[in-house]
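In what follows, a structure is listed as structure tokens, so that the remarks can point back to it.
Just so you know, all these numbers are worked out from the coordinates, no wet-lab data involved. All figures in this text were calculated on a predicted structure; none of them were measured in a lab. FYI the Cβ positions are ideal-geometry reconstructions off the backbone, even for glycines, and counts take in every protein chain you see.
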Amino acid sequence: MESMFSETALEKLSQHVALELGASLTYLYFSHVCRKKNLDGYADLFAEWSREEHRHAEMILNYLGEVGFPASFFLETRYGGTEDERLERMLEVALELEKTVGKSVYEVNREAMADGDFGLAEFMLKLSKLVPKEINEKEAHLQRVRELGEVLADDLLRKFLEKFDKKGSD
């Protein structure tokens, strides 16, 4: 696989890896907060979102390795925790993270197209197809928590996940 990254594209892609890893760490933290609050359904969901973002970062790093370019990034998380650890606030942060990650995917894709790097553009197109689903998922959970409250929304999520797990094991 051949790619001719411009310095700008490589910088944007490296920043994107940092966003994915930062989101992964933030979701992992949220998982632990939810577990502490006995919101086990959302604890499991945030843990899965954390693994998902980590997989995205791995995909990009593997791609960079295949085309012979190193990633260089500075990692920081966007959420340092506050005393306001309401599930609603955590979901708001998750939604904003997904929007930021999505914007970054499109920026890297646009830079790749401008540089004529169709290998990178094709790779980023695959990632961009995940963005609307992930944003919609976070919006749906946020709306549910706003309408039902933390405990009831978590109970419904757990029941859904239990049914889903039973179907998957049949």
Subject >> Inter-label distance, nm, simple model (7 Å from Cα along the C-beta direction), Glu96/Gln15 >> reply: 1.8 nm
**OP:** Would you mind getting me the FRET efficiency between Lys103 and Lys129? Use the beta-carbon distance for r and R0 = 22 Å, nearest 0.05.
**Re:** 0.90
Subject >> Debye, to nearest 20: dipole size of region 7-169, +1 on Lys, Arg Cβ, -1 on Asp, Glu Cβ >> reply: 580 debye
Original post:
Which FRET efficiency, nearest 0.05, do Glu85 and Arg51 yield, Cβ-Cβ r, R0 22 Å?
Top reply: 0.55
Original post:
Hey, if you put +1 on the Cβ of every Lys and Arg and -1 on every Asp and Glu Cβ in region 7-169, which of Gly119, Gly149, Phe69 ends up farthest toward the positive end of that dipole?
Top reply: Gly149
Subject >> Spin-label model distance (nm) - Leu161 vs Glu139, 7 Å beyond Cα toward Cβ >> reply: 2.4 nm
Original post:
So what is the relative contact order of region 7-169, in percent, for Cα pairs below 8 Å that sit 6 or more residues apart?
Top reply: 29 percent
Original post:
Which of the residue pairs Lys99/Lys126; Lys36/Lys129; Lys37/Lys138 have a Cα-Cα distance greater than 28 Å in the structure shown?
Top reply: Lys36/Lys129
Original post:
With a 10 Å Cβ neighbour count serving as the proxy for reagent exposure, in which order, fewest first, do Leu161, Leu64 appear?
Top reply: Leu161, Leu64
